[in-house]
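Undergrad: Got a structure here, written out as structure tokens. Questions coming.
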Amino acid sequence: MREVISISASHRTNHVLTQFYNCQEQSLHSADAENDPTVFLNPTVDRISKTVSYAPRAILWDANGGAGSLGVHQYSETKDYYYDAHHKPEETDPNIKLIHTQPRIPQSEYQTALDLGLPLPELDDKNTVFWSDYAKLVFGPANLNFLNDWYHNVQDPSCPDFHNLHQTLFDNFDVGLHEFKTNHATQFFDQQLHSQLESCDGLQAINLLSEVDNGWGGFSSSLLVEMRDELPKTDVISWGFNNDDVLTLNQPIHSTRTKFQMICNKIRSSLALVRDSTLHFPIYSSPHESLWRSAGSTMLLFDAVNSVGSYQGEAKNTSLGYLIGALTHDEPHRNILSGLTAEEHDFSFYSRVPKYRTSGSQIYSKLSIARGSTPTSENKATINTSEWLPSDTIPAEYRTNSCYSVDLSVTEKPRDIFKNWFDLVSRHFKYDSDREELKEELGSLAALYEEGWYDDDDSGDDL
């Protein structure tokens, strides 16, 4: 066995994992599927009914209310779980007292149709507000975790609201760092993570998905540090989701307080993920797409990369460990994939950051993933893997082609990002206690992605 566990920290990335596991569910119905479903799904055999049920090998974090209508025990403890809006047990039993902590969110038409076995309605941007609105697999107590004091923010799902008071948002790296370390670390490792690990015979890797522009970046950074202590030899592939910032928009860093806070979060979160991951994917999050649609497009990349870990065809080079080694063999610490293209879609956030004063175009390593292609010869630069079987929850425009290629590369581009960040820290982080540590780490990383000699006369000078 070579299982893969996926951990998601944020409402946006929960949409991504929902789409991914929907695609895994789709493959269960195909007799021609070339993937091993038990890599990402935990099977449970019912010997009496002679059936097999599958649960995601996943742990999802969200704010209170972020799961929409889905209840933690909705499909596991039906006698204890109160869901039916028409059922009023307090009217027949005086010993029952209902406490409503927030307004009830109605179940989506898609979920109702799934539960009743009815024809499924078409999905669009309006009926997929919550990731649970279109989840096909059951996410239960072993999969779901919620922030105790933070509530889902409808206006900005990425920044939960503290006690729903509309005063403090989950938009700060340090707040997220403190939240995990103080309130969730012990329970997470002693219960949820160990439960997932116990269901694995041989863990292949862990996916960690998070946003980096808000408190979730600090939250996932703290989680990753603790997980590295717990599982020091396990490959961790981090997926950092980036919004546009002052660099990509070419705006003054202090144009607004929010934009300055965002770039501060991004720098600290990205460094933490790069530092403790085996491989890092800096993903661009489009502000012009709904979370459902954005997650659907991301599947072209995310599903393809993970298909390498579950493919059971003739190819020998199909494991995430092989993929990692092929991309980082020259320098294990050079672990950022700045080239990320699939079906002519550019998923890299780094490609949107302007070039530094002096920059190069060196490619240190590159690898292609060919989906649904029959290998004609042993090409170490190409991994042949299974044809894509997209779920019907993927937007139609992204599931027209099940055979396509994904191109991954480690290039000199991260130098542009780290040199720009170095200058920002030098000039604007005047009173931050970690200023010198950040400068040192950014300088070291810039040098790691530097080919040849550059004359950056005034880079990093304190003003």
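The values are calculated or read from the model by the stated rules, or taken from the named source; none is laboratory data. In this text the structure is predicted, and so the values were computed from the model without any measurement. Here the Cβ positions follow ideal geometry from the backbone for every residue, glycine too, while neighbour counts run over all protein chains shown.
Undergrad: Return yes when Leu28 is at pLDDT below 95, within 26 Å of the chain's Cα centre (by Cα) and surrounded by 19 or more Cβ atoms within 10 Å (Cβ to Cβ) and no when it is not. Quick ask: steps written out before the conclusion?
TA: Values: at pLDDT below 95: yes; within 26 Å of the chain's Cα centre (by Cα): yes; surrounded by 19 or more Cβ atoms within 10 Å (Cβ to Cβ): no.
The answer is no for Leu28.
Undergrad: Another question about this same structure. From the list Phe170, Phe139, which one is at pLDDT below 95 and crowded, with 17+ Cβ neighbours inside 10 Å?
TA: Checking each option against the conditions leaves just Phe139.
Undergrad: So which residues in the range 198-212 are aliphatic (A, V, I, L, M) and either within 21 Å of Leu323 (Cα to Cα) or at pLDDT below 95 (or both)?
TA: Going residue by residue through the range 198-212, those that are aliphatic (A, V, I, L, M) are 203, 205-206, 208-209, 212.
The answer is Leu203, Ala205, Ile206, Leu208, Leu209.
Undergrad: So the check is Cβ under 6 Å with 6+ separation or different chains; which pairs have a first residue in the range 448-460 that's of a type in the set (A, V, I, L, M) and a second one that's modelled with pLDDT of 65 or more?
TA: Leu448/Arg334
Undergrad: To continue, here is another question. Kindly indicate the residue of the range 137-152 that is touching a Leu at 6+ places or on another chain (Cβ under 7 Å) and assigned to a loop (DSSP other than H, G, I, E, B) and also nearest to Asn22 (Cα to Cα) among those meeting that condition.
TA: Phe139
Undergrad: Related question: Of the residues that sit in the range 317-335 and are over 18 Å from the mean Cα position of the chain (by Cα) and within 20 Å of Thr38 (Cβ to Cβ), which one is surrounded by the fewest Cβ atoms within 10 Å (Cβ to Cβ)?
TA: That would be Gly321.
Undergrad: Going through the range 149-166 one residue at a time, which ones are out of contact with any strand residue (DSSP E or B) (no Cβ under 8 Å at 6 or more places or on another chain) and either surrounded by fewer than 18 Cβ atoms within 10 Å (Cβ to Cβ) or among the hydrophobic types (A, V, I, L, M, F, W, C) (or both)?
TA: Result: Val154, Gln155, Leu165, His166.
Undergrad: Run Gly140 past the list (1) in contact with a strand residue (DSSP E or B) (Cβ under 8 Å, 6 or more places away or on another chain); (2) among the small types (Gly, Ala, Ser); (3) farther than 27 Å from Ser108 by Cβ and report the number of the one that doesn't hold.
TA: (3)
Undergrad: Do the conditions hold for Asn265, that is, is it over 30 Å from Gly443 (Cα atoms) and within 18 Å of the chain's Cα centre (by Cα)?
TA: In short, no.
Undergrad: Kindly indicate which of Leu60, Leu70, Leu98, Leu17 is out of contact with any Pro (no Cβ under 7 Å at 6 or more places or on another chain), modelled with pLDDT under 95 and buried (at least 22 other Cβ atoms within 10 Å of the Cβ).
TA: Of Leu60, Leu70, Leu98, Leu17, the one residue that is out of contact with any Pro (no Cβ under 7 Å at 6 or more places or on another chain), modelled with pLDDT under 95 and buried (at least 22 other Cβ atoms within 10 Å of the Cβ) is Leu70.
Undergrad: How many residues, within the range 282-322, are in a loop (DSSP other than H, G, I, E, B), closer than 23 Å to Asn420 by Cβ and of a type outside the set (S, T, N, Q)?
TA: 1
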